[in-house]
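Shown next, in structure tokens, is the structure this report addresses.
The values are calculated or read from the model by the stated rules, or taken from the named source; none is laboratory data. All values reported here derive from a predicted model rather than from experimental measurement. Cβ coordinates were reconstructed from backbone atoms using ideal geometry, including for glycine residues, and neighbour counts include every protein chain displayed.
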Amino acid sequence: MTARAKASEENPIVGLAGWLNHWARLQPERPFMTWQGTCITYAQADLLVRTAAASLARLDRQNGATGRIVLYSQNCPAAIIVWLAAQAAGLVPVTLNRAHRGTILADVVSRSAPSVVVCDPEGVDILKESTGDETLHIVSLGMSTADELGGLLTEAGAAIDVPLWPDPGSDGTIMFSSGTTGRSKGVVIPHGMFDAGPRQLQEAWAVTETDVFHCWAPWFHIAAQLDVFALALRSGASVALFQSFSLSRFWDQIRDSGATIFGGFVSILEMLYAQEPDHRDRDHRLRFGIAGHIPAALRSNFQNRFGVPMLDAYGMSEAEPLSIPRLDRPIPDGSCGCANPDFHVEIQNEEGRTCPAGEEGEIVFRPLSDHVMMSGYLDEPERSRAAWRNGWFLTGDLGTMDSDGNIFFRDRKSEFIRVRGENVSPQEVESVLMGHPGIAEVAVVGVASELGEHEILAIVVPRVALSAADLQEWCASRMAKFMVPRHIRMVAELPRTPTSKVQRSELHKLLEASPSEN
């Protein structure tokens, strides 16, 4: 019997910090995480988490006892430690997109109502400038190794004995996801979701303590938190963490870390495949890779060249994963596999009727178990209710399903724009742009990118003479880099319907009719 089997049969674990503590006792010297040549063992990580948990609990009590800790940090070991420490202390970590700034950052911090904000050193000034809130209790983290936790650990004192084992239905993490209309939604993720998803993935992908995840994806996204760290913690596996994606160093990182699993976006796969063939293309330990919505030709070409089976996955912050492509079953080209057994997934038409096999409609789902998806949107009961129809959660995505239950993602039904793996709300970009005194009106849409997904096009009705370069510079200090419009087109007026609504379908034609400023 393996250590993994013992853990699940003799002592069921609750909570990610609980799994970390379990493996620290069972395999203390095994690497939990590597970073810039430094190895952090399970025992070291567990002690850091329990020590930081004691400090966070005290800081929460001293600063209003809201029970929430905001984390605003780039990829680094300290961010992972504090995320787990907040859970271990019975607090709720709110993990913000590190690229946000300006009014959007101020809004999500305010809505989070934190007792403490923990950030990397470069984030301190951004937080202060964006929020203008002098009352925020901000703690700065070190970036290089996990034991550089700045003021957090120097104030900590003794570690807690064991992590709190939470109720599966209690709040485990809150992350903000772009809405199709209006401001970002605070997705409240219960502890049970961090258990259920990894449990299914561990079995489907045969993940064990011998696996190593290569992770450059932003740690504050659901893919990194659930599909990498939560899955690794459940399995006793290791994570090779990197600050960002590097095209020139990717394969060296894979080889040096001994990675067996990697994830990415379609644009990343396209860039890797576009590189000149190398005699070392198959010199690696990778068992498989994961990405979303992989074109059939790219999947086949990538697999044949690099010898890496590629799995097409589908999910969302509200419910991850929704589909589970299995290693032990053939998957049709273009499919992301069958439904996660914790969910009933259907394709429905506009009237809410089930579509026959092969017919396109909206992908909808409902949970078959408790606490396997989000609890709702933070402080927005109406928005939470509006996401459902007759007991089915509406994804806003279009797809089909074949007679064997294989799901095929086709397109986005919703208006949000997919940019380099990030969901961008057009309304949030428009709201920031309307703060410019020289803009009378603006509309934002997505246009196709050469690297897949989309780029942002802003159609601007100016009050005074403006240049695209000046507008982009103005935007860069007020929103995340991925939200800054790549294309800007100046027009005398926006196309409108007879009822004065902006005709978004006509905005793309303005770019095609005349070259834009970039």
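The table that follows gives values for the structure above.
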{"quantity": "Failed item in (1) at pLDDT below 95; (2) part of a helix (DSSP H, G or I), with Asp411 passing the rest", "calculated": "(2)"}
{"quantity": "In the stretch 339-358, residue nearest to Glu320 (Cα to Cα) [restricted to those that are touching a Ser or Thr at 6+ places or on another chain (Cβ under 8 Å) and not in a loop (DSSP other than H, G, I, E, B)]", "calculated": "Ala339"}
{"quantity": "Selected residue (criterion: surrounded by the fewest Cβ atoms within 10 Å (Cβ to Cβ)) from residues of the stretch 26-78 that are of a type in the set (Gly, Ala, Ser) and in contact with a helix residue (DSSP H, G or I) (Cβ under 7 Å, 6 or more places away or on another chain)", "calculated": "Gly67"}
{"quantity": "Count of residues meeting criterion [surrounded by 24 or more Cβ atoms within 10 Å (Cβ to Cβ) and free of Cβ contacts under 8 Å to residues at least 40 places away in the same chain] in the stretch 79-123", "calculated": "3"}
{"quantity": "Exclusive hit being in contact with a Gly (Cβ under 8 Å, 6 or more places away or on another chain), of a type in the set (Val, Ile, Thr) and assigned to a strand (DSSP E or B), set Val117, Val94", "calculated": "Val94"}
{"quantity": "Looking only at the stretch 237-266, and only at residues there that are of a type outside the set (A, V, I, L, M, F, W, C), out of contact with any Phe, Trp or Tyr (no Cβ under 9 Å at 6 or more places or on another chain) and without any contact (Cβ under 8 Å) to a residue 40 or more places away in the chain, the one that is nearest to His293 (Cα to Cα)", "calculated": "Ser248"}
{"quantity": "Residue tally, condition under 30 Å from the mean Cα position of the chain (by Cα) and surrounded by 19 or more Cβ atoms within 10 Å (Cβ to Cβ), over the stretch 456-477", "calculated": "6"}
{"quantity": "Candidate set from the stretch 440-492 (those that are in a helix (DSSP H, G or I) and of a type in the set (A, V, I, L, M)); member that is farthest from Glu506 (Cα to Cα)", "calculated": "Ala476"}
{"quantity": "Qualifying residues in the stretch 129-160 (those that are β-branched (Val, Ile, Thr) and either modelled with pLDDT of 75 or more or in a loop (DSSP other than H, G, I, E, B) (or both)) - the one nearest to Ala17 (Cα to Cα)", "calculated": "Ile160"}
{"quantity": "Near pairs, Cβ below 6 angstrom, 6+ apart or cross-chain, from the stretch 19-39 (in contact (Cβ under 8 Å) with a residue 40 or more places away in the chain) to any residue that is acidic (Asp, Glu)", "calculated": "Leu20/Asp46; Asn21/Asp46"}
{"quantity": "Residues of the stretch 322-332 that turn out to be touching a strand residue (DSSP E or B) at 6+ places or on another chain (Cβ under 9 Å) and in a loop (DSSP other than H, G, I, E, B), as a count", "calculated": "7"}
{"quantity": "Flag for Ser335 being assigned to a helix (DSSP H, G or I), small (Gly, Ala, Ser) and more than 16 Å from Leu201 (Cα to Cα)", "calculated": "no"}
{"quantity": "Residue check for Gln202: touching a helix residue (DSSP H, G or I) at 6+ places or on another chain (Cβ under 6 Å), among the polar types (S, T, N, Q) and either surrounded by fewer than 18 Cβ atoms within 10 Å (Cβ to Cβ) or closer than 24 Å to Ile331 by Cβ (or both)", "calculated": "yes"}
{"quantity": "Any hit, the stretch 63-72, residues being in contact (Cβ under 8 Å) with a residue 12 or more places away in the chain, assigned by TED's automatic domain parsing to the domain that holds Leu26, over 25 Å from Val188 (Cβ atoms) and not hydroxyl-bearing (Ser, Thr, Tyr)", "calculated": "no"}
{"quantity": "Selection from the stretch 388-413 of residues that are within 22 Å of Asp227 (Cβ to Cβ) and either without any contact (Cβ under 8 Å) to a residue 24 or more places away in the chain or in contact with a Ser or Thr (Cβ under 9 Å, 6 or more places away or on another chain) (or both)", "calculated": "Thr395, Gly396, Asp397, Asn406, Ile407, Phe408, Phe409, Arg412"}
{"quantity": "Test: residue in the stretch 355-378 that is within 24 Å of Phe220 (Cβ to Cβ), touching a Cys at 6+ places or on another chain (Cβ under 7 Å) and touching a residue at least 40 places away in the same chain (Cβ under 8 Å)", "calculated": "no"}
{"quantity": "Any hit, the stretch 372-391, residues being among the β-branched types (Val, Ile, Thr) and not in a loop (DSSP other than H, G, I, E, B)", "calculated": "no"}
